[in-house]
1. Please give me, ordered by residue number, the GluC sites (Glu not before Pro) of the stretch 1-84 that lie in loop per DSSP and have at most 15 other Cβ atoms within 10 Å.
2. Note down the accessible area of residue 50, probe 1.4 Å, to the nearest 10 Å².
3. If you plug each phi of the stretch 17-26 into the Karplus form 6.51 cos²θ - 1.76 cosθ + 1.60 with θ = phi - 60°, what whole-Hz ³J(HN,Hα) values come out, in order, with x for Gly and Pro?
4. Suppose the chain between residue 86 and residue 121 were pulled fully straight at 0.36 nm per residue; how much longer would it get relative to their current alpha carbon spacing?
5. Full extension from residue 21 to residue 94: what is 0.36 nm times the residue separation minus their Cα-Cα distance, to one decimal in nm?
6. Got a number for the accessible area of residue 111? Probe 1.4 Å, square angstrom, nearest 10.
7. Run the helix sum for the chain: -39,500 (n - 2.57) per DSSP H stretch of 4+ residues, divided by residue count, reported at 222 nm to the nearest 500 deg cm²/dmol.
8. From the phi of every residue in the stretch 44-60, what ³J(HN,Hα) in whole Hz does the Karplus formula 6.51 cos²θ - 1.76 cosθ + 1.60 yield, where θ is phi - 60° and glycine or proline is x?
Amino acid sequence: MDDQLALRIQLFREGGQVRPEVADFVTAELTALAEGGGTVTEDSAGMLTSHLMMALTRLLDGEPIEQFLTDEQVAAELAGHPDAVARAHRVADRAREELGAQLPDSEINFLAMHLAVLASQPTRH
């Protein structure tokens, strides 16, 4: 993870926009992605980072997360990215186990789309 992405997480945490445990969880997930050879930078994962932190915080705060109208389109697009879908489900499972946050299918699909984009980025060495 690059310094700019770490700063994004720090600002969300220090600004009180996300719960500390959510920031820790997302940091651990991004670190695992990077250790797996993914390019995890502000440019490649900034939107993913913000979206996941805010979604998990909303869930833990008891706020609803709406289903997206394009869920069927997203699911069709994801059919070509089974690894990203599987990884998104694993992240969702860990969020449920570690945080007690149950991500709805639309959020899992959104996460899978981000992961598919990350997987398509050139690997950093």
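The values are calculated or read from the model by the stated rules, or taken from the named source; none is laboratory data. Keep in mind that what you see is a predicted model, and the values were worked out from it rather than measured. Here the Cβ positions follow ideal geometry from the backbone for every residue, glycine too, while neighbour counts run over all protein chains shown. Surface areas here come from the heavy atoms of the whole protein model, side chains and all, with no ligands, DNA or RNA. Shrake-Rupley method; radii C 1.70, N 1.55, O 1.52, S 1.80 Å.
1. 66
2. Rounded to the nearest 10, that gives 20 Å².
3. 6, 10, 6, x, 5, 5, 4, 5, 4, 5
4. 10.8 nm
5. 25.0 nm
6. It works out to around 10 Å².
7. It comes out at -23500 deg cm²/dmol, rounded to the nearest 500.
8. 8, 10, x, 5, 4, 4, 4, 4, 5, 4, 5, 5, 5, 5, 4, 4, 5
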